[in-house]
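First up is the structure itself, then whatever we jot down about it.
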Amino acid sequence: TETVTDGSPFEYLSPEKPWTVRTFEHCTFRELLQSLFRDGKQVAELPALKDIRAYVRRQLDEEVWKEEQRFENPHIHYLDMSVKYYQMKMDLMKNHE
């Protein structure tokens, strides 16, 4: 787990060019995953289907480029990673060899 703070500088990199570390300044963050079940027990209220639909629609409208959503010749969706996450990924891959 990685803890980030709104407004603080955040270093990230592209997995294709890990030697180019960049920094986001004055940005906000939000939790992407929420545990609904833990050890087989429900630990949070399940969202209604209409709420899930609204959330996904808002993401598609506000956070994903239209060029990435087209079916014909879609634009590549780039994924940047935090330096810590990238290092964890590389360590896991190295240990798996």
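For the chain, give the share of DSSP beta bridges that are antiparallel, in percent and rounded to the nearest 5; count only bridges with both residues there.
100 percent
Partner lysines whose Cα lies under 20 Å from the Cα of LYS41, excluding those fewer than 8 positions away in the same chain, are not found. Where does the chain land at 222 nm, in deg cm²/dmol rounded to the nearest 500, when only DSSP H runs of n ≥ 4 count, each adding -39500 (n - 2.57), divided by all residues? So the helix-based figure for the chain works out to -10000 deg cm²/dmol.
The stretch between CYS27 and LYS66, if pulled fully straight at 0.36 nm per residue, gains 11.8 nm over its current Cα-Cα span. Scoring 83-94, 37-48, 59-70 by mean Cβ neighbours within 10 Å over their residues and listing the highest first yields 83-94, 59-70, 37-48.
Just how many % of Cα pairs in the chain lie over 20 Å apart, if you round to the nearest whole percent?
Value for the chain: 62 percent of Cα pairs lie more than 20 Å apart.
Excluding residues on the same chain fewer than 8 positions from LYS17, give the lysines whose Cα lies under 16 Å from its Cα. Excluding near neighbours in sequence, the set is LYS84, LYS89.
Rule-based calculations on the coordinates, nothing more; no lab input. A quick note: this is a predicted structure, and the numbers were derived from the prediction, not measured. Cβ sites come from the backbone with ideal geometry, for glycine too, and all protein chains shown count toward neighbours.
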